[in-house]
Amino acid sequence: FSHIYGPGGGPARDGVTERLARAAAGWGTFQLHGNGRQGIDLVHIDDACEAVALALRGKDLPPAVNIGGGAAVSVAHLARVFLGGMPPMELPVVERALDITLAQEALGWAPRVTLPEGARRLIAQTKEAQR
């Protein structure tokens, strides 16, 4: 699995998506370290769970498959998606993403939750946790 994000991880986690969700929910600030080109391969928890369910039902599967978003997203892009105010803009990313081709072929799986939708869900969970 690449970096799994989304509701269920809880606001106490300290990954970049959780820190961005806390800032978007008005529960602190987000500090960008570096130039924002650091890349991260994200997969939403719902998509990760779907991949596991497909693997449990599958037959004659390879010994391992990569489950991820299929592309690295820059931290600067994530900040724009979570915090808004500026249109998303992708910068050249420093890191690579997992190759999810085998998961697509062997499981018939592909990520479905878009980054804006995943961000919206995580921000809503974070706001709810504040109550």
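What number of residues in the stretch 25-51 are open to solvent by 30 Å² or more (accessible area, probe 1.4 Å) and not acidic (Asp, Glu)?
If we filter the stretch 25-51 for residues that are open to solvent by 30 Å² or more (accessible area, probe 1.4 Å), which is where we start, we get 26-35, 37-38, 40, 45-46, 49-50.
Subsequent filtering for residues that are not acidic (Asp, Glu) retains 26-35, 37-38, 40, 45, 49.
Selection size over the stretch 25-51: 15.
Please go through the stretch 32-53 and pick out each residue that is in contact (Cβ under 8 Å) with a residue 60 or more places away in the chain and among the hydrophobic types (A, V, I, L, M, F, W, C). Residues satisfying the conditions are Leu42, Val43. Inside the stretch 89-114, can you point out the residues that are surrounded by 15 or more Cβ atoms within 10 Å (Cβ to Cβ), in contact with a helix residue (DSSP H, G or I) (Cβ under 9 Å, 6 or more places away or on another chain) and at pLDDT below 95? Of everything in the stretch 89-114, those that are surrounded by 15 or more Cβ atoms within 10 Å (Cβ to Cβ), in contact with a helix residue (DSSP H, G or I) (Cβ under 9 Å, 6 or more places away or on another chain) and at pLDDT below 95 turn out to be Leu91, Val93. Evaluating Ala71 against the criteria (1) out of contact with any strand residue (DSSP E or B) (no Cβ under 9 Å at 6 or more places or on another chain); (2) within 23 Å of Glu105 (Cα to Cα); (3) modelled with pLDDT under 95 leaves one unmet condition, (1). Looking at the stretch 94-108, can you tell me whether even one residue there is in contact with a Lys or Arg (Cβ under 6 Å, 6 or more places away or on another chain), over 15 Å from Arg19 (Cα atoms) and in contact (Cβ under 8 Å) with a residue 24 or more places away in the chain? Within the stretch 94-108, one or more residues are in contact with a Lys or Arg (Cβ under 6 Å, 6 or more places away or on another chain), over 15 Å from Arg19 (Cα atoms) and in contact (Cβ under 8 Å) with a residue 24 or more places away in the chain. Which of the residues that make up the stretch 27-41 are under 24 Å from Ala124 (Cβ atoms), assigned to a strand (DSSP E or B) and out of contact with any Leu (no Cβ under 6 Å at 6 or more places or on another chain)? Within the stretch 27-41, Ile40 is the sole residue that qualifies.
Among the residues of the stretch 52-74, those identified as open to solvent by 20 Å² or more (accessible area, probe 1.4 Å) and among the aliphatic types (A, V, I, L, M) are Val52, Ala53, Leu54, Ala55, Leu56, Leu61, Ala64, Val65, Ala71, Ala72, Val73.
Please tell me if Gly15 is free of Cβ contacts under 8 Å to residues at least 60 places away in the same chain and within 14 Å of the chain's Cα centre (by Cα). Here the answer is yes, as Gly15 does meet what is asked.
The values are calculated or read from the model by the stated rules, or taken from the named source; none is laboratory data. None of these values were measured; they are calculated from a predicted model. So basically every Cβ, Gly included, is an ideal-geometry build from the backbone, and we count neighbours across all protein chains shown. These accessible areas exclude ligands, DNA and RNA; they are computed on the full protein's heavy atoms, side chains included. Shrake-Rupley method; radii C 1.70, N 1.55, O 1.52, S 1.80 Å.
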